[in-house]
Structures are given as structure tokens and as C-alpha cells.
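The values are calculated or read from the model by the stated rules, or taken from the named source; none is laboratory data. Treat the numbers as computed from the prediction; the structure is a model and nothing was measured. Note that each Cβ is placed from the backbone with ideal geometry, even for glycine, and that neighbours are counted across all protein chains shown.
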Amino acid sequence: MPTESMCARHPAVRSVTTCKRCGRFACAQCLPNLDELCTDCVARVSAELPPLENRALLAALGVGATSAFHGLNALLGGAMVATNDTSEDSALAMANGLASLGYLVTFITSVVLVCMWFHRAIRHALARGASLEVATPAAGVGSWFIPFVNLARPFNVTRQMLSHAGQNSAIASTWQALWVSGNIIANVSVRLDGLAGQGVGVVSDLLLIGAGVCFIHITRSLRWSKS
């Protein structure tokens, strides 16, 4: 670590290290955290990368729509349990089937939008010198589709991005807990018959609504500063 060299921007101030991107000597003011880029490089990176905000908005809208269908399914499932409706031809059962179909279309769209956002968010984080569990944005997106790996790695990467951006990473742990438990319970519900499955499905829907709220909060937190 250089201790006798002077800062490139402040010649009268001693440097503390060099920027990992441009290699110039930097003082504590120009490089507040020793594992990050200097302030000049952060500005350059922000100007060079495509914005994240538009993908964050689309991903949030997709997850919000999916969460709305979870809410509708929870209401219909709860009504079927409350009225002891076991008929497959009842109005509630038909409405529940239509809601499930709408959810499937919305879910697929949401997956695409979330992956697009995740790819660009990782790109921004890596360009700013963040140390992540994945080496490339493609590896980060791919981790969502690897069984068992998808229960931990995407959330670890999100925690690392939040920490690097100076945000509270605890929201990622809450998102992980709600998403994992909600999907596990959803798998249990489809294996149960009748009203038992509907009741368990309601619990799953509520947990996944909570996961959606956490995700939307994360997309708002990771709107990297351009300054």
C-alpha cells in the first residue's frame, strides 16, 4: 500500500491506496472505502453504464402484478375454505382457476423482468468494484435456475450489492425467508386434496406477497447514485 505518494486529485494530501480501476493514487476523501473505486471512476462508470432505473421499475411492476394475483388467489381460496366449497363447478372454483391462469402468465413475465433487472444490477455493482459471489451478471442470473443453489446464492449476491451500495442488507434476508418458505408451502399445498390444499395455499400466497414487497423495496434501494 503506498504511504509516501500523494493523491492524484489533492497533491497536498497523502494517498491511502490506489484505485483498482484507474490505478491512480487516492486519498481517503477520493476513495472512502479502500475496496471501492475512486470518486472519479464511480462517475465514469455511472456515465458509461446503461441506467438501472427503467429495469428496476419494470421488475417492480411485474412482481407487483404477481403479488396482486397472489392476493386474489388468497381471497378466493380463503372464501372456499370459509364456505366449505368443495365443488369443482362452483363460481368460486371457476374464478380460482381463472385467477391461477392469469397468475401463470404474469409470473412468467415477472421472471423475465426480474432476471433482466438482476443482470444489470450485478453489472453496475461489479463495475463499481463490489466483491460479489458471482463473477459475471450471467452467472448471477443463472443461479436462479440451479436447484438448491437458487435458495441461497441470488440472495447472497443481493445482500452483497446492498452492502456495497451502503444500504441495509437485512431486507434481502427477509425476502429470502419469505420466498423460500412460501414456495415450499406452495409445493405442499398442491399435494393436498380439497380444502386442506386451499388453506395451505392461502398461507403460501400471503408469504409470497410479503416476498414481493421486500423485492420491490430492494429495487428502490439499489438505484445506484450517479454522483
### Message
Given the criteria surrounded by 19 or more Cβ atoms within 10 Å (Cβ to Cβ), in the same structural domain as residue 216 (by TED's automatic domain parsing) and among the polar types (S, T, N, Q), does residue 90 qualify?
### Response
no
### Message
Taking the conditions exactly as written (among the hydrophobic types (A, V, I, L, M, F, W, C), closer than 20 Å to residue 69 by Cβ and modelled with pLDDT of 95 or more), does residue 209 satisfy them or not?
### Response
yes
### Task
Can you give me the ranges of the helices (runs of 4 or more DSSP H) entirely in the stretch 131-227 with at least 3 residues that are touching a helix residue (DSSP H, G or I) at 6+ places or on another chain (Cβ under 7 Å) and of a type in the set (A, V, I, L, M)?
153-164, 170-189, 194-221
### Any pair with Cβ under 6 angstrom, 6 or more apart, that starts in the stretch 166-195 at a residue that is outside the structural domain of residue 128 (by TED's automatic domain parsing) and ends at one that is of a type in the set (A, V, I, L, M, F, W, C)
none
### Query
Within the stretch 73-95, can you find the residues that are without any contact (Cβ under 8 Å) to a residue 40 or more places away in the chain and part of a helix (DSSP H, G or I)?
75, 76, 79, 82, 91, 92, 93, 94, 95
